[in-house]
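Structure first, commentary second.
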Amino acid sequence: VFLSGGRRKLGYDSMQELSGLFYSEKIPEDMKKHAVDRYLDFLHYLGANVGAPEFTILVGKDLQTHAASLLQAEGIDIEKPFVAVSPVALWETKLWQDEKFARLCDRIAGELNIPVIITGSAHEKPYAESIIKEVKTAKVVDLAGQTTLKDLACLYRQAAVVVTTDSGPMHLAAAA
């Protein structure tokens, strides 16, 4: 930022990575807001009149049918609530322990009697398998490696709740 040569150097009022030392103008960062809404705060500060962000994820009937068939193949009634869990993040500091995800899944499936699906990419399957190994109820299903991003959008749109780390699927769930 310092080397940019800009007259106005706008950033958050935090001192994360000491960046706040180099801003000429600072705005508060509200961590209770989604990242997209936080970034829109910059535009509001600069006087831009922007409305709420609108996310459109186009999914056809065939994708909705495919997502529903994934659930039905695992014995999940698509007319009833389910919870989706995406336990993986790129950075290790954003991960939660597998045992804690397993306990959460057990409580949701066992105490609330709501099925849980675990989502993730094919290379994230070991995380899902590790969680499933710790789970004590049969109502937790591993769908890691079985979905495309559009499948995930369909599943997340149908889910009663999505539990996720700070990751791409979190943003996809917020958009869906």
Pick from H44, H66, H34 the residue whose mean-square fluctuation is largest in a GNM of the chain, springs joining Cα atoms under 10 Å. H44
Excluding residues fewer than 8 positions from K136 in its own chain, the aspartates and glutamates with Cα under 16 Å of it are D98, E99, D106, E111
Gaussian network model of the chain, Cα within-10 Å springs - most flexible of A84, A122, A144: A122
T65 accessible area, nearest 10 Å², 1.4 Å probe? 80 Å²
Report M15's accessible area, 1.4 Å probe, all protein chains in place, as a number in Å² to the nearest 10. 90 Å²
Candidate lysines - alpha carbon under 21 Å from K33, same-chain residues fewer than 8 apart omitted: K94
Accessible surface, per residue, of the stretch 29-176 when the full set of protein chains is kept, probe 1.4 Å, Å²: 59 Å²
Between D166 and R7, the two model label points (7 Å from Cα along the beta-carbon direction) sit apart by a distance in nm of 3.4 nm
Quantify, in whole percent, the carbon and sulfur part of the accessible surface of the stretch 65-160 (1.4 Å probe; protein heavy atoms only). 54 percent
Using only DSSP helix segments of four residues or longer, with each worth -39500 (n - 2.57), what per-residue ellipticity at 222 nm results for the chain after dividing by its residue count and rounding to 500? -10000 deg cm²/dmol
Can you sort I118, I78 by solvent-accessible area, 1.4 Å probe, largest first? I78, I118
Listed residues A89, A138, A128; largest mean-square fluctuation, Gaussian network over the chain with Cα springs below 10 Å, found at A138
First measure r as the distance between the Cβ atoms of L90 and S14, then evaluate 1/(1 + (r/R0)^6) with R0 = 22 Å and state the FRET efficiency to the nearest 0.05. 0.55
Computed FRET value (nearest 0.05) for S69 with K33, which takes r as the C-beta separation and R₀ as 45 Å: 0.80
Accessible surface of L43 in the full protein assembly, 1.4 angstrom probe, to the nearest 10 Å²? 70 Å²
Using 7 Å Cα-to-Cβ label points, what is the E111/D62 separation (nm, one decimal)? 4.4 nm
Quote the relative contact order of the chain in percent (integer), defining contacts as alpha-carbon pairs under 8 Å separated by 6+ residues. 21 percent
From highest to lowest solvent-accessible area (probe 1.4 Å; ligands, DNA and RNA excluded), W91, W96 read W91, W96
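The values are calculated or read from the model by the stated rules, or taken from the named source; none is laboratory data. Source: prediction; values computed, not measured. Note that we place each Cβ from the backbone using ideal geometry, even for glycine, and neighbour counts take in every protein chain shown. Just the protein is used for accessible areas: all its heavy atoms, side chains included, with ligands, DNA and RNA removed. Shrake-Rupley method; radii C 1.70, N 1.55, O 1.52, S 1.80 Å.
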